[in-house]
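No lab work stands behind these numbers, since they all come straight from the coordinates. Values in this document were obtained by computation on a predicted structure and should not be read as measured data. Note that each Cβ is placed from the backbone with ideal geometry, even for glycine, and that neighbours are counted across all protein chains shown.
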């Protein structure tokens, strides 16, 4: 019977022993764990980068939304202001001062030796001043309407008669004016110039004067 001799048996045994060496296995296991850890760190880093990009995009979108919100708020505020002005204008139109009746009464006002040359009406509307820090009212105050009627006239009476006072008395006593003129200084003498010849009749002299009629202020509501 032939005998088989394996000359590499010893070398194989040494290799098998080295393969079974626990230190080597520990190194391989540690290397594997390190590889897993590196992979996990890499994944976390990618997730962080992705989250950072998402945050930047979200912040940009938030700025756009905030800008649109500010524009919408400004538009709503402007619309409310326009609506308030429209309501005020409608109130003014409904309660406006009628110059026709006043001028009609004026033409029937007679003062001897006085000739009216020019009549000028001034109408102004203003919103009341708002005190800083004042509490807001439940209902805002409406605009204030002010009316002034200016009359330029010629007084052909002697200067000593002060004939313009007669016209002032006539205006104050006229019902149409008395009901609408303010209580304090309703009609005042604004200007009175020296006597001068009348261009239409150089033989006559007249005294130019101007009076103002101030009507009651109207407080409109919104």
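Tabulated data
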read-out	value
Segment residue 201-residue 80, length gained on full extension (0.36 nm per residue, minus Cα span)	37.4 nm
Rounded Å value of the spacing that divides the Cα centres of segment 141-186 and segment 187-211	17 Å
Spin-label model distance (nm) - residue 105 vs residue 124, 7 Å beyond Cα toward Cβ	2.3 nm
Highest average packing first - 54-67, 195-208, 102-115, Cβ atoms within 10 Å	102-115, 195-208, 54-67
FRET E, pair residue 47, residue 69, Förster distance 30 Å, beta-carbon r, rounded to 0.05	0.45
